[in-house]
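The values are calculated or read from the model by the stated rules, or taken from the named source; none is laboratory data. If you're wondering where the values come from, they're calculated on a predicted model, not measured in any experiment. Every residue, glycine as well, gets a Cβ built from its backbone with ideal geometry; the counts of neighbours run over all protein chains shown. Keep in mind that these areas ignore ligands, DNA and RNA; they rest on the heavy atoms of the full protein, side chains included. Shrake-Rupley method; radii C 1.70, N 1.55, O 1.52, S 1.80 Å.
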Amino acid sequence: MASRQQCRSASVSPTREPESGKENATSKLPPPDVLEENIAAQRDEIFALQSIYEEDFTVQPIMHCPKSDKDPPVNECMPQPSSGLAETTTDDLLIGFVGSLLLRVVLPSDPMALVLPPQLMNAEPDVGQGAPNDGTAPTATVATTPITHLPPVTLRFHLPPTYPSSSIPHLALQCSWLPAQHLDALRRRVAAICKEEGTGSVVLFLIADFVVNDAIGWLGLVSTSSDEVKPSGDFVLDLSAPLSVQASSLLPRTSKAASKSSPTTAPTLATITAILDHDKARIDHLFAQSSITCGICLDSKRGSNCKRFTYNPKDPNSRGCGHAYCNDCLVSYFTLHITEGSISLVTCPNETCKKQTHPPTLPDDDLCALVGDALMSRYTELRTKAQLESQPDMIHCPRALCQHPTKKPAPPEKLCICDACAYPFCFYCLRTWHGNQVSCPIDSITALAARYATARAADDAAELAYLDARYGRAVLDRILRAEEERRLNADWLKAHSQRCPDCACAVERSEGCAHMTCRVCKTHFCFLCGVRLRPDNPYAHYSDRTAPCFGRLFDGADVDAEPPDHVWFDEEEEDGG
């Protein structure tokens, strides 16, 4: 007879035996010495499972109280756990345990490629229904997505008072992502394990170990990669694969015949979505519980106070590298760059990542949680503007108070209408729309400025009087100043910058070598000759003896210039400290 202290020592909540089965249950109880041995074996098995599975393991004892008339009704085959610690009396008798195990399947590789069903790749079929995989569809391309964790398989158990001496436990297996036929075969395999072990020994650990480590391979759901499948790991998980020979051998003959006549049903969109959602949630949970060394401040922080640049299958704009940083450092880093408008630096702070053509970024939800709604709104606006500016057929509205990006019309049309302010203007001369029959006035203005400058230089009083009367002295002076400024700007750009070969944006070299990367379109090119360079090896251009820039990587660079103070020294070092 178990005491109240013994019930609590297992950290479980007791459940009393059902009232309707008191007489039968009492008559089925083994002798006291056998019952004591069974309960001791059950306790040892439960304590072992608790130490292995920890938070994934729940259990509570079942109490037999013949004198109580207020026992709650409980299913005798599979009692349900209660939420609290039930009251016990000195007459309560511990006759077994009931509980559940969350079995997390171990994948053969990390990550592993999950095969997506064909109907998810097409827009026409209803992705909510499974499509048969009869092997007739072409297999030239198979879509996959990497996963690290599958939703757990739930094993519910009831240990009767005769277990393990003369009976086996009552078991129920549940899984949300396994096909029905595969789940049936797995349940039969679990029953076979119990039968093979027989009475006299505990079997819960053996069953749990098989489900965790061997089940998906035994069912035939795992295969190696092939030419048609390009996974992230060495193995492929295909939930539409047919049952393996050893698994199908456990099914009844009627089930075998049905499986041969009907093809395997592919998983539905809801199943795939649930798997991907669980995978992300599990990765986030494990990361939040771990200890992370911030890549900026180098302090050790809890994962829940950090962000990691990880790939999110639902957000194709999010690319991951795995680098992690604490929230405080990321807030300062992102706030600075968004405030200054350097949105191309709102990426992973790692130097290697920042040099990539498409650096890893945080999902918008995570970024907004760090910087707040106001800065997030500014970032979104600047990002959209930068994306539009990278397109060669985009131009800014010439109105100083607008400057909204506007798409260029198809040639030979020159009329642009700003999407924001509806201002009509010419794409070429950026002036108010003058009609298709009128040439752009840029040439005439340049000619007028040259005519006025010549008259001033020659001190031609008649010409100056004519121009003054026709256009006005103030207008002429303003045109002349603008034309002179335009000429000086053009001369400076020609002498100190190089046009990007892709987007034609003028790029200035302030320091360093002649290898340039356009900030707008990320094109690699040579500052000396303007030729496009290979992104994977841009410096091969300067090692090619047939190229005009051979050996001229640092031509024009001031190698003797003093380094900037903020790069090399701080105040203490400059003072000798």
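In table form, for the structure just shown:
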{"read-out": "Region 274-410: radius of gyration and largest Cα-Cα distance (Dmax), Å", "value": "17.3, 56"}
{"read-out": "Projected-area mean, region 440-516, by convex hull of Cα positions, square nanometres", "value": "7.2 nm²"}
{"read-out": "Of Lys494/Lys522; Lys28/Lys195; Lys301/Lys522; Lys301/Lys355; Lys307/Lys355; Lys355/Lys385, pairs whose Cα-Cα distance is over 32 Å", "value": "Lys301/Lys522"}
{"read-out": "Dmax and Rg, reported as Rg then Dmax, of region 163-213 (C-alpha, Å)", "value": "11.5, 35"}
{"read-out": "Contour minus Cα-Cα distance for Ala374 and Leu415 (0.36 nm per residue)", "value": "11.2 nm"}
{"read-out": "Relative pair counts by distance (%), Cα atoms of region 350-509, 10 Å bins", "value": "8, 22, 29, 22, 12, 5, 2, 0"}
{"read-out": "FRET efficiency for Tyr428 and Thr273, using Cβ-Cβ distance with R0 set to 51 Å, rounded to 0.05", "value": "0.55"}
{"read-out": "Rounded, prolate or oblate (a/c below 1.5 giving rounded, otherwise prolate when a/b exceeds b/c) for region 320-393 by Cα gyration tensor", "value": "oblate"}
{"read-out": "Additional length obtainable on full extension of the chain from Ala469 to Phe47, 0.36 nm per residue less Cα span", "value": "141.5 nm"}
{"read-out": "Using a Förster distance of 56 Å, the FRET efficiency for Arg399-Arg188 (Cβ separation, nearest 0.05)", "value": "0.15"}
{"read-out": "Percent carbon-and-sulfur accessible area, region 365-474, ignoring ligands, DNA and RNA, probe 1.4 Å", "value": "54 percent"}
{"read-out": "Gained length - Arg545 relative to Val531, 0.36 nm times residue gap less alpha-carbon distance", "value": "3.5 nm"}
{"read-out": "Computed label-point distance, nm, for sites Val438 and Ala482 using a 7 Å Cα→Cβ extension", "value": "1.4 nm"}
